[in-house]
Amino acid sequence: MENNEEKEKSGAPDYTRREFVALAGMGVAVAGMVGVIGNAVVTNFQEANVSYAAAGEETWIKSVCQICPAGCGVNVRRVGDNVVKVEGNPFHRLNHGRLCPKAQASTQVLYDPDRLQGPMQRVGERGAGQWEPITWEEARARVVGELDRLRTAGDAHTLLFLKGHAPGHMSHLIDRFCQAYGTPNVADLGSQCTSAEKAAHLLNQGWYDTSAYDWEKTRYVIFFGGSFLEDWQPQVQMLSAYSFIRRGRPDTRGRIIQVGPRLSISGHKADEWIPIKPGMEGALALGLAHVIIKENQHDLAFIDDHTSGFEEFSALVLEEYSPEAVAEITGVPAETIKRLAREFAGSRPAIAAAGQGLGASTNALFNNAAINALNAVMGNIDVEGGVLKQRYPTFTEWPKATLPEIEQPRLDGAGGPAHPLARCVYHELPDHILNDDPYPVNALFIYDCNPAFDSPGASRWREALAKIPFIVSFASVADESAVYADLLLPDHTYLERLMDVTPPAGMGRAMVGLASPASAPLYDTRHTGDFLLEVASDLEGMAEALPWATFEELVKFRFKGVYDSGQGSIQADSYDEFWQILQERGVWEGLRYQYGQWDEVLTTPSGSFEFQMEQLAEIANNVSDGDGEAVLAALGIGAGTERALLPRHEDPVVSGDEENYPLQLIPYIVLPDAANRAPNAPALWNIYGLLMKEGWGNWAELNPETAHALGIEDEELIWVESPEGKIQIKARLYDGAMPGAINIPLGGGHTAGGRWASAVSGANPADIVTPLSDPLAGSAAWLGTRVKVYKAEGNG
Amino acid sequence: MISSSAEQGEENGRHRWGMVIDLDKCTGCQACTLACQMENNVPITGPEEFEQGRTIFFTEVFTDLEGEFPYVEGVVVPRPCLHCDNAPCVRVCPVGATFHNEHGAVVIDYDACIGCRFCTVACPYTARSFNYYTPEFPSPLDRALNPDVPVRPAGVAEKCTFCFHRVDKALARAAEEGRELTNSELTLLPACNQVCPASARYFGDLNDPNSTVSHLQRSPRAFYLLEDLGTESKVAFLRSE
C-alpha cells in the first residue's frame, strides 16, 4: 500500500523546455549508460501543468499480458516505482518480443483513474451503484457467512461462479474451490467462442481443445469464418504467422484465403476473400472435400492408416455436396469451389483453419467437424505444416482430498441431455436463473467477465442479476455487471499480481508464462486467489483440498511438477533455482513439437480420426441411461439415419422470420476490443474502428445497395430491431458488407466501467442477439439472429 | 548519390535514418500506433477530441477500399512521419522551429514553435499534429509518463521523432561498449518497430549502402508515398503482391 508519489515528485528539478530538448538529445544517452535515468530529465512544464512522476532507477520485470487470454510475455519497464511501458518479452516464444495494441494499453489499466480502490458493500437499491467502504476482514466474514449458511441449508449447489477467461491457476483454483464447496456451477466464456471447435475435436480426434497449427511450414491456409487478424487466439502468434507465411521463407510465399460473411481486416489482407452466407462455412469445406475425393486427390495413406468411417463420409459427400449444390447453400460460385479445392489439394502442406465465426451458429459443431474432415481427407493432421495438437505442462497432481459428492445437475444443462457435449452454456444461464430451472441461484461470484454486457441476450443477464440475492464481483472497475453486486472485492490489475498463464492452443509445444508483480498494489485491492484461499480456510472441510495460504504457494506447489519432469527450457539443480530462472525469463517452454505421436493425437476409442463420430452416440447414451437416440432426436440430430454421426451441413436455426426481420445480424470482434479486461483504456478507443476510421463507439455496416433500398444514408441514426430487442446506432455504408446483412462490432454502448468506457457511444449488439446455442456443443449462436432496420426519427 | 552521402556520413559520423514498411507483412493491427503513443507521452483525449480530428497520432494506420461487393479490394497502410529530405513542413516553418537533426530526422524545437500550424497544413501526409489542448494525464496515469520524452505544451506542433531518444541512447551504449549497432539492433529501435508482431517495419542507416533499409529501398517492390511531389521521403513502402 505504499504511496510514494509525493516523495517522488518533490525534488524534481525544473528545466525549461529548451534545456530539456538539449538533454533529451544527449543527456538521456549518458544517463542510460549508467543505468539511472529520470533524474537528469525530470522536469515540470508550467505551461503543460504536467509533472514527470517517474524518476529513479530503470528496472525491468517479466510479466505476462492478461489483457486478452493469449498470455504474451511482456517485459515491464519501471522507472523508480512507476510502470512506464510494457515491451514484448523476447524469451517468450508465443510473441518473441512483439505485442498487439491491447498489451500497449496495460499502463492505462494499471493507472486507470476510475479503478475501485478497496472493498465495498452495497447500501442503495441493487443496481443503483451506491456503496460504502468495508474492510477486507468484514468482506471475508460476509462471504464466509453467506457460503456457510447456504451449505448448511444443503444449498451449496446454488452458488454459481462465473470465471470468465480466468488465467492459469486462477481457473484451476476456482474449479477446485467449487468442487470442494459442493457446486457444479462454474462457467467460463468457452461457450462464447471456442466450445464447438473443441467439441468437434473430441468427436473426431478424442480430445477437447482447439487446434494448434504449424504456421511456419504451411503453404496454403483457408480460414473458415471469423477474422484471423482480429479475433484469433493467440492473436500475436497469428499476426506473426501471417507475415511469416508470406515473407518468412526465401523460396515459398504461402497463400492465405479468408472465408467469411464480412470483409474484415483479414479480408483486406488475405490473398483472397470469399464472401459466404453466415454459418455456411462447413458446407463449403464439404464442397472442397467432394471435389478432392472425386478428383482422387485425397491422401489415401493417411486415410488408411489413421482414420475410420471414410467410406461413409465420402459416400455422403459425393452424393450431397457437389460444387453446384454447395454453391446453392453458400452463395460461393461453383467454379470458385472447384478452384479452391484444387489449390488446397495442390499446395501441401495446407491448413483448413476454424475461425471464430465457425462456432457462431446453431450448426457450429458440424461446421467444425467438416473442417476437421477436410484436413483429414488431405492428411493435414499432425504433419509438418499442418494441424497439430497442443501439449501442456505437467503440473504436480492436486493433493488427495475428500470432495463432496454433487448430486445436482448443472443449471445450464451442460453435459446433460440438453447439451451433451457442452462444458458450460454461459448465455443460457439467465433463463435458468429467472425460472429457478431446475433450482434457484442464491449466490453468484463474478470473476473476469461482464455478463450484463458480454453475453448474447445481455438484457436477460441484467434481469437475472437483479434477482440473485447475493452477488460478489471481483472486477477492478465497476462495470455493467459489478453495479449489481452486493460486494465489490476488487482484484489487483495484472501488473500488480503474480499469475501463471498457460496460452490457449496455438504453438503445439507446451508452454507456460509466469507474471511477477511489476508494481506494488496501488490501492487496497486483493489478489482474488489469496482471497478465495482465505475463504476456503474459514469454511470447514475445504482446507484439505486447498491447503495453501496464498496463491503464490499454490502456484509454486503445482509448478514443482514442471521442474520434476526434467524437461524443457529451464534446467536447474534445485527447484529454488528453477523458480528463480522462471521469474527472470517469465516463461517455461517444453520440447520441440514431435510429429506423429498418434497415441496422443488420435485418442478416440478406435485410436483413429473418426469421420464417423461414434462417440456422439456413446455420449448421448451416457447422459440418458442408454437412450441416446432419443436424446439426439430431441436435439434434431437425425438419429437413426445413416448420416446421424457424420460431418455434414445442417441449416442453421435463426431467430426472427425472414419476412419481418429481413436482415441477417452479424456481430463481430475488432482487435482493439479488450472486453472486460480494459474497457476504460482511452488509447484503445482511439483505434477501435480502423476500417471505418471510427473511434469511441460502434456503428452498423450496411451494403450501399441494401441501405438505399431502405432509404438509409451514411451516418444516419437507425433502429436495429430483433425478436430480442432493439438498439439505436449509427449506420455506415460499406462495400465490404454483404447485401442483406448488417454488421455491428462488439464493444460499443458501455454504460459503466469508468469515465472513458461510459463515454463510448453506439450500442451493444449483444443486447439484441437471441441466445441460441448449438444443441450439442452449447456454443452461442452469435450469428443466429435476424433483424429489421429503420430510420430512428419518428420511430422511437 | 547513395555512395556520396555514405562517404560523407562516414567522414562526420552521421547517420541518415530511414525506414521501410513491408505492406505484404503488415496486418493492420495498429500496435505501432499505440506503442508510439505510450512511448512518446501522447496526451490522453476523449471522444470529442477524436471527433474533431484532434487526437494525436504520430504513426497511424489508414485503409482504403475500392470496388463494389463482392469485387472489392482493400489496402492497409501504416504511416509514420516520412522524414522527407525535402520536407514541406521544414520549408514553411517561419521560425525555423522544425528542422533536420544531424541524422536527417525531421524534429521540432517545441520552445521555438509559435503554433502557426503552417507545417500541419503543408505536410501532404497529414503526419503532423497540433496540440490544441493542455495535455492531460489524469492521476495516476501521469505515473506512466516516459521520463525520456518531454510532454509538449498546448500550442505547439508535434510529430514522430523516429524515436531519437531511444536511438541516441542505444548509440551511446554501443559506443560505450566500443562497437557498432547491428542492423537487427537498429531495426528495433523505434518503438513502433519493436512492437510490430508482423516484423513488417525496418529502421536503419541509409548512409550505409549495405544496411537492411538500404537494401530494401532498392527493392523492386519499394515505393514512396506521393513520390511525385518530390518530398524525397526516407520512409519507403514495399508493395504487397
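The values are calculated or read from the model by the stated rules, or taken from the named source; none is laboratory data. Predicted model, so just to flag it, every value in this text is computed and none were measured. Cβ coordinates were reconstructed from backbone atoms using ideal geometry, including for glycine residues, and neighbour counts include every protein chain displayed. Calculation scope for accessible area: heavy atoms of the full protein, side chains included, ligands and nucleic acids excluded. Shrake-Rupley method; radii C 1.70, N 1.55, O 1.52, S 1.80 Å.
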*asked:* Can you pull out every residue in the range A:76-86 that is at the interface with chain B (Cβ under 7 Å from one of its Cβ atoms) and either open to solvent by 10 Å² or more (accessible area, probe 1.4 Å) or polar (S, T, N, Q) (or both)?
replied: A:Asn82
*Would you please name the residue that is farthest from the chain's Cα centre (by Cα), looking only at residues in the range B:116-137 that are within 14 Å of another protein chain (Cβ to nearest Cβ) and open to solvent by less than 30 Å² (accessible area, probe 1.4 Å)?*
B:Phe137
*asked:* Restricting to the range A:103-157, count the residues that are open to solvent by less than 30 Å² (accessible area, probe 1.4 Å) and modelled with pLDDT under 95.
replied: 1
_Looking at the range A:748-764, I want the residues that are open to solvent by less than 20 Å² (accessible area, probe 1.4 Å) and have a partner that is in a helix (DSSP H, G or I) and among the aliphatic types (A, V, I, L, M) with Cβ atoms under 8 Å, at least 6 apart or on another chain. Which pairs are those?_
A:His750/A:Ala757; A:Ala752/A:Ala482; A:Ala752/A:Val483; A:Asn764/A:Ala458
*Take B:Pro147 and decide whether it is without any contact (Cβ under 8 Å) to a residue 60 or more places away in the chain, open to solvent by less than 20 Å² (accessible area, probe 1.4 Å) and part of a loop (DSSP other than H, G, I, E, B).*
yes
*So A:Asp231 clears everything in (1) of a type outside the set (Phe, Trp, Tyr); (2) surrounded by fewer than 24 Cβ atoms within 10 Å (Cβ to Cβ); (3) more than 30 Å from A:Phe551 (Cα to Cα); (4) more than 19 Å from the chain's Cα centre (by Cα) except one condition, right? Which one?*
(4)
_Candidate set from the range A:316-358 (those that are of a type outside the set (Gly, Ala, Ser) and not in a helix (DSSP H, G or I)); member that is surrounded by the most Cβ atoms within 10 Å (Cβ to Cβ)_ = A:Ile351
_Please determine whether any residue of the range B:83-98 is within 9 Å of chain A (Cβ to nearest Cβ), surrounded by fewer than 23 Cβ atoms within 10 Å (Cβ to Cβ) and either under 20 Å from B:Val195 (Cβ atoms) or not polar (S, T, N, Q) (or both)._
no
_Candidate set: the range B:163-184, residues that are among the acidic types (Asp, Glu) and within 12 Å of chain A (Cβ to nearest Cβ); chosen: the one most open to solvent (accessible area, probe 1.4 Å)_ = B:Glu176
*Would you mind finding the one in A:Ala285, A:Ala289, A:Ala334, A:Ala327 that is of a type in the set (A, V, I, L, M), closer than 25 Å to A:Ala644 by Cβ and over 27 Å from the mean Cα position of the chain (by Cα)?*
A:Ala289
*Within the range A:649-665, tally of residues that are open to solvent by 80 Å² or more (accessible area, probe 1.4 Å), among the charged types (D, E, K, R) and closer than 24 Å to A:Val326 by Cβ*: 2
*What single numbered condition from (1) open to solvent by less than 70 Å² (accessible area, probe 1.4 Å); (2) touching a residue at least 24 places away in the same chain (Cβ under 8 Å); (3) farther than 30 Å from A:Arg140 by Cβ fails to hold for A:Gly626?*
(2)
*Options B:Cys196, B:Cys160: the member that is touching a helix residue (DSSP H, G or I) at 6+ places or on another chain (Cβ under 9 Å), within 14 Å of chain A (Cβ to nearest Cβ), in contact (Cβ under 8 Å) with a residue 24 or more places away in the chain and not aliphatic (A, V, I, L, M)*: B:Cys196
*Quick one: what pairs do we get from the range A:394-420, first residue under 30 Å from A:Met511 (Cβ atoms), second of a type in the set (Val, Ile, Thr) and in a loop (DSSP other than H, G, I, E, B), C-beta under 9 Å, 6+ apart or different chains?*
A:Ala414/A:Val425; A:Gly415/A:Val623
_Go through (1) of a type outside the set (A, V, I, L, M, F, W, C); (2) part of a helix (DSSP H, G or I); (3) in contact (Cβ under 8 Å) with a residue 12 or more places away in the chain for B:Glu136 and report which single condition fails._
(2)
_Condition first: charged (D, E, K, R) and in contact with a Lys or Arg (Cβ under 8 Å, 6 or more places away or on another chain). Now tell me which residues in the range A:324-383 satisfy that._
A:Glu343, A:Arg348, A:Asp382
*Matching residues, the range B:196-217, being part of a helix (DSSP H, G or I) and open to solvent by less than 10 Å² (accessible area, probe 1.4 Å)*: B:Val213, B:Ser214
*asked:* Among the numbered criteria (1) open to solvent by less than 50 Å² (accessible area, probe 1.4 Å); (2) more than 14 Å from every other protein chain (Cβ to nearest Cβ); (3) over 24 Å from the mean Cα position of the chain (by Cα), which one does A:Tyr668 miss?
replied: (3)
*Residue check, A:Asp479 against (1) open to solvent by 20 Å² or more (accessible area, probe 1.4 Å); (2) among the acidic types (Asp, Glu); (3) assigned to a loop (DSSP other than H, G, I, E, B), all met but one. Which one?*
(1)
*Can you tell me how many residues in the range A:258-289 are more than 14 Å from chain B (Cβ to nearest Cβ) and either small (Gly, Ala, Ser) or open to solvent by less than 10 Å² (accessible area, probe 1.4 Å) (or both)?*
10
*asked:* Looking at the range A:87-111 only, could you name the residues that are among the β-branched types (Val, Ile, Thr) and facing another protein chain (nearest Cβ under 7 Å)?
replied: A:Thr107
*Going through the range A:263-278 one residue at a time, which ones are in a strand (DSSP E or B) and in contact (Cβ under 8 Å) with a residue 24 or more places away in the chain?*
A:Ile274, A:Pro275
*Only helices (runs of 4 or more DSSP H) wholly contained in the range A:487-603 count here; list those with 3 or more residues that are surrounded by 15 or more Cβ atoms within 10 Å (Cβ to Cβ).*
A:528-538, A:551-565, A:575-585
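Results for (1) over 17 Å from A:Ala370 (Cα atoms); (2) surrounded by 24 or more Cβ atoms within 10 Å (Cβ to Cβ); (3) of a type in the set (Ser, Thr, Tyr), shown as yes or no for each residue.
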{"position": "A:Gly206", "(1), (2), (3)": "no, no, no"}
{"position": "A:Lys217", "(1), (2), (3)": "yes, no, no"}
{"position": "A:Gly226", "(1), (2), (3)": "no, yes, no"}
{"position": "A:Val236", "(1), (2), (3)": "yes, yes, no"}
{"position": "A:Arg246", "(1), (2), (3)": "yes, no, no"}
{"position": "A:Pro250", "(1), (2), (3)": "yes, no, no"}
{"position": "A:Gly254", "(1), (2), (3)": "yes, yes, no"}
{"position": "A:Thr307", "(1), (2), (3)": "no, no, yes"}
*Is the range B:34-48 home to any residue that is surrounded by 16 or more Cβ atoms within 10 Å (Cβ to Cβ), within 10 Å of another protein chain (Cβ to nearest Cβ), small (Gly, Ala, Ser) and closer than 19 Å to A:Arg262 by Cβ?*
no
*In the range A:187-204, which residues are farther than 23 Å from A:Ile256 by Cβ, open to solvent by 20 Å² or more (accessible area, probe 1.4 Å) and among the hydrophobic types (A, V, I, L, M, F, W, C)?*
A:Leu202
_When residues of the range B:49-58 are limited to those that are at the interface with chain A (Cβ under 9 Å from one of its Cβ atoms) and aromatic (Phe, Trp, Tyr), the one surrounded by the most Cβ atoms within 10 Å (Cβ to Cβ)_ = B:Phe57
